[in-house]
Amino acid sequence: MTQLLLHAPVYHAGHRRLLAAHPEIDRVLLLGDGFAERFPAMRKEIRGLDAAVVGRVLAAEHGVDVRVVQPADLPAALDDVVLAADESVTRELAADCPGTRFEFVPVFLRWDRQWALEERPAGASAGTTTDPVHVALMQQAVAAGERSSDWWRQVGALAARDGQVLATSHNRHQPTEHAPYVDGDPRNEFSRGLRADLSTAIHAEASLVGQAAAGAFDTAGADLYVSAFPCPACAYLVAEARFARCFFRGSYSLLDAEAILAGAGVELVWVDLSAPS
């Protein structure tokens, strides 16, 4: 018997792809609500369904045996070898079960802390810096992103020239901050990173370009600091605005923007915030 240990507050296409890629799975151990005491973020999942409901869907959809487990049940329920999605909850639980060998599957199922804080260079064309000036400006861009009300992704951007801040912005929804929570998010139908043009939010970089167009500052030759690598749509705006350099922190699931920016002569620089100051 091949087991899958799974935290699934909802069932979506990612779960379907995961089980389709591993037809050897015949039992799913689904984490029950008792784990919320250890992982309080589970209570914040506004989409969350009762584990038994998700379990019935999994059983009907994939023909697997599903067992909802609570913390006290877990050790005895595990076989010697267990598959699990590579995310923070299952990683932490695996550390408590040294008698079981976990095989972690690299798949995106939800915004856990690991995915939300992902920081790595976008590609080989980008340079890297730990310069305190750039680190400080990037930290300001990150702080700007924390003002965003977006449930899934908070992004901040900052324009600077010679180390002096020209303007800051963050992604925000239009026509109101509440748009995706009232009407739903049109991007729910697409994978992470796809069809950014359908977002109800104006991206942080686009907001900066809009401020510049209104006369707030001149983008030509200026530096852009953004807390996540630009999407392709924003990359076109950054290129046309003639920013000289684009400093970024995180990665993006579609890196078409890398070629767009590099082709326009925008220097790409990854800011390493993990380096000791």
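The values are calculated or read from the model by the stated rules, or taken from the named source; none is laboratory data. It should be emphasised that the depicted structure is a prediction, and the values quoted were computed from it without experimental measurement. Cβ coordinates were reconstructed from backbone atoms using ideal geometry, including for glycine residues, and neighbour counts include every protein chain displayed. We work out accessible area using only protein heavy atoms, side chains counted, and drop any ligands, DNA or RNA first. Shrake-Rupley method; radii C 1.70, N 1.55, O 1.52, S 1.80 Å.
Filter the range 149-170 for residues that are more than 17 Å from the chain's Cα centre (by Cα) and of a type in the set (Ser, Thr, Tyr); which is least open to solvent (accessible area, probe 1.4 Å)?
Residue satisfying both the conditions and the ranking: 169.
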Quick check on residue 60: is it in the same structural domain as residue 49 (by the TED database), at pLDDT 95 or above and exposed (fewer than 14 other Cβ atoms within 10 Å of the Cβ)? yes
Identify all residues within the range 144-174 that are among the small types (Gly, Ala, Ser), under 22 Å from residue 266 (Cα atoms) and either touching a strand residue (DSSP E or B) at 6+ places or on another chain (Cβ under 6 Å) or not assigned by the TED database to the domain that holds residue 209 (or both); write none if there are none. 156, 157, 159, 160, 167, 169
Would you be able to tell me the number of residues in the range 79-90 that are open to solvent by 20 Å² or more (accessible area, probe 1.4 Å) and aliphatic (A, V, I, L, M)? 1
Quick one: which strands (runs of 3 or more DSSP E) lie wholly within the range 1-80 and hold at least 2 residues that are touching a residue at least 60 places away in the same chain (Cβ under 8 Å)? 2-6
Go over the candidates 29, 18, 58 one by one and state the one that is in contact with a Lys or Arg (Cβ under 6 Å, 6 or more places away or on another chain) and within 20 Å of residue 93 (Cβ to Cβ). 29
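So that you can scan it fast, the table gives a plain yes or no per residue for (1) open to solvent by 70 Å² or more (accessible area, probe 1.4 Å); (2) at pLDDT 95 or above:
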site	(1), (2)
92	yes, no
95	yes, no
105	no, no
113	yes, no
122	no, no
126	no, no
130	yes, no
139	yes, yes
147	yes, no
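Could you check the range 207-275 for strands (runs of 3 or more DSSP E) lying wholly inside it with 3 or more residues that are modelled with pLDDT of 90 or more and open to solvent by 50 Å² or more (accessible area, probe 1.4 Å)?
none
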Would you say residue 47 is at pLDDT 95 or above and surrounded by fewer than 17 Cβ atoms within 10 Å (Cβ to Cβ)? no
